[in-house]
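Single-structure report; data block below.
Bear in mind that the values in this text are calculations on the coordinates, not laboratory data. Keep in mind it's a predicted model, so treat the numbers as computed, not measured. All Cβ positions, glycine included, derive from the backbone under ideal geometry; neighbour counts span all protein chains shown.
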Amino acid sequence: TWSLSIEEQFYVIFPVSLFIFFKYLKKYITHIIILGIVVSLIIADWGIRNHPSFNFYLLPARGWELLAGTLLAKLELQHGRVSHKIFNKILPLLGIFLIGYSVAFYDHEILHPSFHNISPIVGVMLIIWFSKRDELFTKILSSKLFVGMGLISYSLYLWHYPIFAFDRLSEFSHDSMFKKLIIVLLLFILSTFSYYFIEQPARKKEYKFRILFIIIFGIVCILSFFNSK
């Protein structure tokens, strides 16, 4: 919920700020977005050393990550995208490398969020901006496998934390690659189930989500009762 709260803070504050800037400083909106990215990033790098909890959970230190996407949207609306054959082939791969580097080499000792976050954020920006429909890289990202993972990504996000937490407490997969693969498989099964039987029905007006809510609430009550015993 903390990441959702950061996004909601952004979605509430940003439109109001944008309206004011658009009314009085329309010519400088791009410059203001860039300034916001720089200031927020500096706050993040300073805050992680002085107020790490505040830094991790609140908007001032995380806003630059959202503003990075805002900058791309503004540039496209204002100038469009200039297609460059070499850049369209090379820079998305560079973006993947930057993201992969952070996945492979960042650990708990890396200050987060801080200047270290520039690598994956720039990587994502390069992929978004330079990927073209007919390029091989875009076709790979548009494949059923990646699209399917994108569809269940929110469920994956919600399920992974409790599953990994219980695994860490129980030491179920300790020193066992096979058991770790079982947990990953379980994670994908539960996420797929959640997507089709909770997320999708909840989006349909005609679906009586109240029934599902009652069932879930009943299960929670039963589990809470046995846990109290």
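Here are the numbers for this structure:
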{"item": "Local electrostatic count at residue 32 - Lys and Arg +1, Asp and Glu -1, tallied over other residues with Cβ under 15 Å", "result": "+4"}
{"item": "Helix runs (DSSP H) in the chain reaching 20 Å along axis by Cα, Kyte-Doolittle at least -1.0", "result": "2-24, 29-50, 59-79, 85-105, 153-170, 177-194, 209-228"}
{"item": "Whole-Å semi-axes of the ellipsoid equivalent to region 1-126 (Cα gyration tensor, √5λ, descending)", "result": "24, 23, 11"}
{"item": "For region 69-105 and region 120-145, distance of Cα centres in Å", "result": "8 Å"}
{"item": "DSSP loop GluC sites (Glu not before Pro) with at most 15 other Cβ within 10 Å: longest gap in the chain", "result": "1-108"}
{"item": "About the Cα centre, charge dipole magnitude for region 76-136 (Lys/Arg +1, Asp/Glu -1 at Cβ), debye", "result": "360 debye"}
{"item": "Loop-resident sites, region 134-229, for chymotrypsin sites (Phe, Trp or Tyr not before Pro), counting at most 16 other Cβ within 10 Å (DSSP)", "result": "172, 207"}
{"item": "About the Cα centre, charge dipole magnitude for the chain (Lys/Arg +1, Asp/Glu -1 at Cβ), debye", "result": "840 debye"}
{"item": "Theoretical ellipticity at 222 nm over the chain - DSSP helices of four or more residues, -39500 (n - 2.57) apiece, nearest 500", "result": "-25500 deg cm²/dmol"}
{"item": "Selected from 151, 112, 44, residue furthest toward positive end of dipole (the chain; charges at beta carbon)", "result": "151"}
{"item": "GNM result for the chain, Cα springs below 10 Å: residue of 61, 73, 44 fluctuating most strongly", "result": "73"}
{"item": "Charged-residue dipole, Cβ positions (Lys, Arg, Asp, Glu), region 102-229 about Cα centre, Debye nearest 20", "result": "680 debye"}
